[in-house]
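Enquirer: This structure is in structure tokens; I'll ask about it shortly.
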Amino acid sequence: MNCWTRRQFGCLAGAVCLTALAPRVARSQAKSRVVVIGGGIGGATVARYLAMSAGTIEVTLVEPKPRYTTCFFSSLYLAGMRSFESLTHGYETLEQRYGIKVVHDTAATIDPVAKTVALKSGTKLPYDRLVVASGISFKFGAIEGYDETAAEIMPHAWIAGPQTELLKRQLDSMEDGGLFLIAAPPNPFRCPPGPYERASLVAYYFKQFKPKCKILILDAKDSFFEQDLFQDAWARHYPGMIEWLPGQFTGGIKSVNVKDLSVKTEAETFKAAVVNFIPAQMAGGLARQAGLADQTGWCPVEPTTFESKLQPGIHIVGDAIEAGEMPIRGSAVSTIVV
């Protein structure tokens, strides 16, 4: 099996979307209009490649945040190996070098018939083709006691930014000998190796500064991505520090209590100094509202063009897609690097 780097995959995905979109929109001397919703890894990369297409396409990127923080490498920040600033990027290069119009606003609704995107500010953006890269949302409330308010005490840190900084502060304030509990979500979810990479890098931090701390992973699943490799590394580098409990062993997580930082499974209740609770996931709210998601909560696309199977003329990239043999998660398009 060939191994692809993130950058190689980014080039491939950008080229695929460019090939799919360019012949269809560049049909006259006037520039055709492509609106890209979402300035994360997938959206920014597609916008860049489209803007490089010999000036035949006018690209508008809609993203509410003026600065973007990458999820990848965020566990290095938790381990004290990278600064938060090194994960955070602006959109100046996309504007100045590639001529992309960046609109810092929120896409409120999509009208696939009129081919317009309504922004929160009231502005409407017409398009010839639309790219949606609005990412994921969480199934808050699926576990008793865990909602958006609880996330401010038991952070998920699965969308990088303030949640990542909160989790870092909590880890830094832990006393040596405390328990760090990670609740890993059911499949499918963004970045399947993520919870286990996070456990590994936090263990690296603990080994240096808080060697008596322990890490417990309560998993909704009975196996996980590259399990043998992770567990072998844990046994060699962090013996006795990391414990993984599968869903079949615990009976699954039933509820959480933010007051005493406890997580209750069918079998017992675990109390921790810090709880990193990663909820079950689905496509982002805008994608679902626009009819791009099916009954699974994810967005089926044609794997060669990323065009929606439910709404022609709209392409979807990133964590929200379901593309047949291509994995439904961040190991696919969302590993693109700008």
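Enquirer: Any idea how many residues of segment 268-288 are among the aliphatic types (A, V, I, L, M), open to solvent by 10 Å² or more (accessible area, probe 1.4 Å) and either on the phi > 0 side of the Ramachandran plot or not in a helix (DSSP H, G or I) (or both)?
Expert: Residues flagged as among the aliphatic types (A, V, I, L, M), open to solvent by 10 Å² or more (accessible area, probe 1.4 Å) and either on the phi > 0 side of the Ramachandran plot or not in a helix (DSSP H, G or I) (or both) within segment 268-288 amount to 4.
Enquirer: Determine if segment 172-185 includes at least one residue that is touching a helix residue (DSSP H, G or I) at 6+ places or on another chain (Cβ under 6 Å), open to solvent by 10 Å² or more (accessible area, probe 1.4 Å) and outside any strand (DSSP E or B).
Expert: no
Enquirer: When you go through LEU125, LEU78, LEU119, LEU61 one by one, which is the residue that is over 30 Å from TYR204 (Cβ atoms), touching a residue at least 60 places away in the same chain (Cβ under 8 Å) and open to solvent by less than 40 Å² (accessible area, probe 1.4 Å)?
Expert: The conditions single out LEU125.
Enquirer: Output the residues belonging to segment 64-73 that are touching a Phe, Trp or Tyr at 6+ places or on another chain (Cβ under 9 Å) and either at pLDDT below 95 or buried (at least 19 other Cβ atoms within 10 Å of the Cβ) (or both).
Expert: TYR68, THR69, CYS71
Enquirer: So which residues in segment 186-207 are surrounded by fewer than 18 Cβ atoms within 10 Å (Cβ to Cβ) and within 20 Å of ILE143 (Cα to Cα), if there are any at all?
Expert: PRO186, ASN187
Enquirer: Looking for whichever is open to solvent by less than 40 Å² (accessible area, probe 1.4 Å) and modelled with pLDDT of 95 or more here; the options are GLY330, GLY291, GLY318. Which one fits?
Expert: That would be GLY291, the only listed residue that is open to solvent by less than 40 Å² (accessible area, probe 1.4 Å) and modelled with pLDDT of 95 or more.
Enquirer: Moving on. All but one of (1) at pLDDT below 95; (2) under 25 Å from THR88 (Cβ atoms) hold for MET174; state the number of the condition that does not hold.
Expert: (1)
Enquirer: Scan segment 211-229 and give yes if some residue there is among the aliphatic types (A, V, I, L, M) and over 20 Å from LYS264 (Cα atoms), otherwise no.
Expert: Scanning segment 211-229 turns up at least one residue that is among the aliphatic types (A, V, I, L, M) and over 20 Å from LYS264 (Cα atoms).
Enquirer: Under the condition of being β-branched (Val, Ile, Thr) and over 24 Å from the mean Cα position of the chain (by Cα), which residue from segment 241-262 is nearest to PRO211 (Cα to Cα)?
Expert: Per the stated criteria, the residue is ILE242.
Enquirer: Output the residue which, of all residues in segment 128-166 that are among the charged types (D, E, K, R) and free of Cβ contacts under 8 Å to residues at least 60 places away in the same chain, is least open to solvent (accessible area, probe 1.4 Å).
Expert: So the residue we want is ASP147.
Enquirer: So, one more: Can you pull out the residues in segment 82-102 that are under 26 Å from LEU201 (Cα atoms) and of a type in the set (D, E, K, R)?
Expert: ARG82, GLU85
The values are calculated or read from the model by the stated rules, or taken from the named source; none is laboratory data. Here the structure is a predicted model, which is why all the values come from computation and not from measurement. Note that we place each Cβ from the backbone using ideal geometry, even for glycine, and neighbour counts take in every protein chain shown. Keep in mind that these areas ignore ligands, DNA and RNA; they rest on the heavy atoms of the full protein, side chains included. Shrake-Rupley method; radii C 1.70, N 1.55, O 1.52, S 1.80 Å.
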